[in-house]
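Following: one structure in structure tokens, then a few remarks.
The values are calculated or read from the model by the stated rules, or taken from the named source; none is laboratory data. Predicted model, so just to flag it, every value in this text is computed and none were measured. Counting neighbours? That spans all protein chains shown, and the Cβs are built from the backbone with ideal geometry, glycine included. Accessible surface areas use protein heavy atoms only, side chains included; no ligands, DNA or RNA. Shrake-Rupley method; radii C 1.70, N 1.55, O 1.52, S 1.80 Å.
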Amino acid sequence: MRVEQLGEGEPDVAVVGSIHGDEPCGRDGIEAVLADPPTVSRPVKFVVGNEAALAAGERYLDTDLNRAFPGDPESEAREDRLAAELAAELRGCTVLSLHSTQSYDGMFALVDDLTPLARDICPKLSVDAVVMTKGANEGRLFSVVPAAIEVECGYQGSPEAAANAEQVIREFLAATGVTDDPAPTRAESLPVFQLGDPIPKAAADEYEVYARNFEELAAGEPIAAADGNQVLADEPFHPILLSAEGYEDVFGYTADHVGVLD
């Protein structure tokens with residue numbers, strides 16, 4: 001774990017990237033901001049989370065760091081120990097956590113719940129949607145840092161994801177009053193979804209997905225296929241994190257559209 005800081009004093013705002021080692025956009029976005037630092041009116045810390053997994057190009061070395069919180073400093077698993085260190089470093093902070101996916105080329109935010117903080121900050125970020133994950137946060141950063149906003153920045157390993165990470169960091173710093181930069185102009189309301197159930201994925205040699213993330217599927221419509229065997233929607237929903245290869249045993253998740261933020 002590497003920690004850098006802008007501004008004097010004890011920060012209560014933090015940016016963390018690359019909790020997963022196969023998602024370098026967080027580190028890259030942080031390094032881009034530090035290479036061209038903004039003028040800050042309050043201190044902020046920047047944390048590159050899983051440096052060893054980054055060096056190996058792997059999601060994790062022993063166990064998934066974003067499923068290991070609150071962690072265990074006595075554990076034999078490296079990420080369990082790191083989770084305890086990272087939780088201590090971020091506790092009490094308003095946090096932006098940067099990620100990337102194999103399912104979506106744009107940016108969207110994930111929050112535990114639509115707290116006043118989330119309602120204030122998320123519309124000031126260049127994200128396409130907000131996904132509430134309440135009820136599905138065991139072991140995740142949200143379980144120890146409720147005032148956290150995760151942003152999926154685009155496709156894993158892409159230069160676009162790195163550029164998006166830098167952009168959303170600067171927007172977050174403005175939204176939290178760390179800088180005086182203006183918020184982006186939003187042309188339309190920001191849709192909000194509640195994360196639902198996983199969409200199971202059977203073992204197969206070939207996978208396909210037919211639906212598009214955030215676009216509603218009707219009951220009976222095909223979602224995806226495993227070796228040509230289609231998976232159909234039991235009821236209407238909006239797919240989230242839907243991809244052929246993103247997860248080993250699920251295609252993605254269902255979600256319900258529950259409102260908008262202006």
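Details
- Summing +1 for each Lys or Arg and -1 for each Asp or Glu among the other residues whose beta-carbon sits under 13 angstrom from that of R170 gives -4.
- Cα gyration tensor shape of segment 1-104, rounded if a/c is under 1.5, else prolate or oblate by comparing a/b with b/c: oblate
- DSSP-loop GluC sites (Glu not before Pro) across segment 1-57, with at most 16 other Cβ within 10 angstrom: E8
- Solvent-accessible area, 1.4 Å probe, carbon plus sulfur percent, for the chain: 44 percent
- Partner aspartates and glutamates for K201 [C-alpha distance under 12 Å; skip if fewer than 8 residues away on the same chain]: D227, E245, E248, D249
- Rounded to 10°, Cα long-axis angle of helix 159-175 versus longest principal axis of the chain: 60 degrees
- Charge sum, other residues only, whose C-beta stays under 12 Å from P24's C-beta, Lys/Arg counted +1 and Asp/Glu -1: -4
- Counting only alpha carbon atoms, the long axis of helix 78-90 and the longest principal axis of the chain meet at about 60°.
- Counting only alpha carbon atoms, the long axis of helix 25-35 and the longest principal axis of the chain meet at about 30°.
- In the full protein context, the chain carries 45 Å² of accessible surface per residue, based on a 1.4 Å probe and ignoring ligands, DNA and RNA.
- In terms of its alpha-carbon gyration tensor, segment 61-164 comes out oblate; a/c meets the 1.5 threshold, while b/c is at least as large as a/b.
- The alpha carbon centroids of segment 191-262 and segment 53-110 are separated by 25 Å.
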